[in-house]
Amino acid sequence: MTASLRALPAVFSVGLQRQLTYRWNYFLRAAFSALPLLVSFVFWGAVFGDRATVGNYTFAGILTYYAVLLVVEAVSQPSDDDFQIATEIREGALNPILLRPLPYGLYRATLFAAGRCAYFVAALLPVSLCLFILSRVVDLDLGSLHLVHGLPALLGSALLQFSMTLCLSLCAFWLLEVSALIFLIYALEYLAGGHVFPLDLLPAPIFAVVRLLPFAYEYWFPTAALCGHLTDEAWRVGLGLQYGWAIFFLVLAHFIWKAGLRRYTAAGG
């Protein structure tokens with residue numbers, strides 16, 4: 001374990017250098033990811049019309065939600081980690097990794113952290129520019145972010161997304177191509193994670209069910225926590241569910257990994 005911990009800074013450094021090699025790809029991806037915020041301005045402007053509020057949101061409040069959502073995505077959303085893991089399994093690239101005194105999950109978690117740091121730096125300029133332009137038109141409420149609630153939820157979002165990604169990717173031990181499964185989960189995340197609209201705009205019975213699913217804790221929960229939309233009790237319950245789901249998927253990934261290694265043929269690589 002001591003040798004593993006000593007190796008983590010080197011793995012992080014290599015992962016960061018690898019990710020920064022594609023800095024222009026990251027920059028352009030971040031720039032285009034900011035465009036939906038401008039589309040939201042037009043769409044929700046039409047939805048609000050002459051109304052002051054929709055649900056518990058004002059026009060400025062709902063645009064603030066989407067602005068904070070961009071930051072949550074930049075910090076916690078995986079960037080091709082699932083396809084990288086699946087490729088390592090399918091093409092035998094696990095062989096040199098298995099020979100090292102470093103648990104594979106810890107190795108991938110370090111690379112995930114390096115990728116998130118690289119993407120956040122690349123996204124900083126285009127996202128900041130987009131927010132500046134939008135703030136000239138709408139009075140975004142970014143000065144009163146609830147960091148005490150938001151930062152633990154943001155960390156939990158990253159942990160949950162990594163653990164889910166790891167579980168999905170390890171299915172490559174049994175499936176020749178996992179892209180269909182990955183894109184299916186992406187679609188569920190987009191619909192049930194708070195991308196299309198804040199989940200608390202749903203009817204109360206549906207919202208109660210959606211809040212039990214892990215997808216709500218990937219994007220909606222950390223965004224709502226940062227925006228200060230949650231009571232202390234709702235935040236504590238949500239944080240427990242978020243970290244509970246993350247631990248569940250980490251434990252599940254451990255058993256999938258053990259079962260997958262029994263099927264893995266270390267040839268080539």
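The values are calculated or read from the model by the stated rules, or taken from the named source; none is laboratory data. None of these values were measured; they are calculated from a predicted model. Heads up, the Cβs are rebuilt from the backbone with ideal geometry, glycines too, and the neighbour counts pull from every protein chain shown.
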Exercise for review: Please find, among 124, 102, 129, the residue that is under 22 Å from residue 9 (Cβ atoms) and not small (Gly, Ala, Ser).
Suggested key: 102
Review point. Using beta carbons and a limit of 9 Å, which pairs, at least six apart or on different chains, have the first residue in region 32-50 and more than 23 Å from residue 123 (Cα to Cα) and at pLDDT 75 or above and the second one among the hydroxyl-bearing types (Ser, Thr, Tyr) and in a helix (DSSP H, G or I)?
Key: 44/66
**Study point:** Condition check for residue 245: assigned to a helix (DSSP H, G or I) and under 30 Å from residue 45 (Cα atoms)
**Key:** no
Check your understanding: Does region 126-138 include one or more residues that are at pLDDT 85 or above and either over 25 Å from residue 79 (Cα atoms) or not acidic (Asp, Glu) (or both)?
Key -> no
Review point. Does residue 224 meet the test of being out of contact with any Ser or Thr (no Cβ under 7 Å at 6 or more places or on another chain) and surrounded by fewer than 18 Cβ atoms within 10 Å (Cβ to Cβ)?
Key: no
Review point. Inside region 215-243, can you point out the residues that are under 16 Å from the mean Cα position of the chain (by Cα) and more than 30 Å from residue 59 (Cα to Cα)?
Key: 243
Review point. Of all residues in region 32-86, which are of a type in the set (A, V, I, L, M, F, W, C) and more than 25 Å from the chain's Cα centre (by Cα)?
Key: 42, 46, 47, 48, 52, 54, 59
Practice item. Report yes if some residue within region 51-59 is in a helix (DSSP H, G or I), out of contact with any helix residue (DSSP H, G or I) (no Cβ under 8 Å at 6 or more places or on another chain), at pLDDT 80 or above and not hydroxyl-bearing (Ser, Thr, Tyr); otherwise report no. Key: no
Check your understanding: In this structure, does residue 70 turn out to be in contact with a helix residue (DSSP H, G or I) (Cβ under 8 Å, 6 or more places away or on another chain) and surrounded by fewer than 14 Cβ atoms within 10 Å (Cβ to Cβ)?
Key -> no
Point to revise | region 99-134, residues that are surrounded by 15 or more Cβ atoms within 10 Å (Cβ to Cβ) and out of contact with any helix residue (DSSP H, G or I) (no Cβ under 7 Å at 6 or more places or on another chain) | key: 121
Review point. From the residues in region 1-26 that are part of a helix (DSSP H, G or I) and of a type in the set (S, T, N, Q), which one is modelled with the highest pLDDT?
Key: 13
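Search region 178-221 for residues being in contact (Cβ under 8 Å) with a residue 60 or more places away in the chain and farther than 24 Å from residue 152 by Cα, and hand back the single one that is surrounded by the fewest Cβ atoms within 10 Å (Cβ to Cβ).
Per the stated criteria, the residue is 179.
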